[in-house]
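Notes for the one structure printed next.
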Amino acid sequence: MKQLLATLIFGVILALSGCTYYGYPAGTVPASYDRSFFAAADAMRDQGVAINVQDQASGTVTGQRDGSTVTASVRPQADGSVRVQFNASDSRDPGLLERISRSYDRRMGR
C-alpha cells in the first residue's frame, strides 16, 4: 500500500513538473492609457518640443519647436490597446517625428 501511494505521488509530481506556464509574452499586454499619454508628452519634451497643451481627458498634447506645431494624439482602442500618433504642421525638421517616435518607444520599453 505504501509503495502504491509513493508511486502515485511520484507520478503526480512528475506530471505537474512537465506543465509550464509562460504568462504573457513581453509586449503583448496592452499599455495603459495613462502610461502611453505621459510617455508621448515626455517623448516630445525629449526632442525639444515646448509643450503648450497637455489635455489628458482629450488625449491631446500640443507643443512648438522651431516654429512648427507638433501634436500627439492618444486614443484608446476597442480591444484595450492605445493608439498614439504624432503629427507636425510642417517639415522644417523632417526627422523630428521619427525621433519623437523612437523616444516614445524607449519610454514604453520597446
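Assign unit charges at the C-beta atoms only (+1 for Lys and Arg, -1 for Asp and Glu), then state the dipole size of the range 31-107 relative to its Cα centre in Debye, rounded to the nearest 20.
Charge dipole of the range 31-107: 120 debye, to the nearest 20.
By how many nm would the segment from PHE38 to LEU97 lengthen if fully extended, with 0.36 nm per residue of separation less the alpha-carbon distance? List each step's numbers first, then the result.
On the way: separation 59, 0.36 × 59 = 21.24 nm, distance 1.67 nm.
Gain on stretching PHE38 to LEU97: 19.6 nm.
Only the coordinates and a few stated rules stand behind these numbers; no lab work does. Bear in mind the structure is a predicted one, so any value in this text is a computation, not a measurement. All Cβ positions, glycine included, derive from the backbone under ideal geometry; neighbour counts span all protein chains shown.
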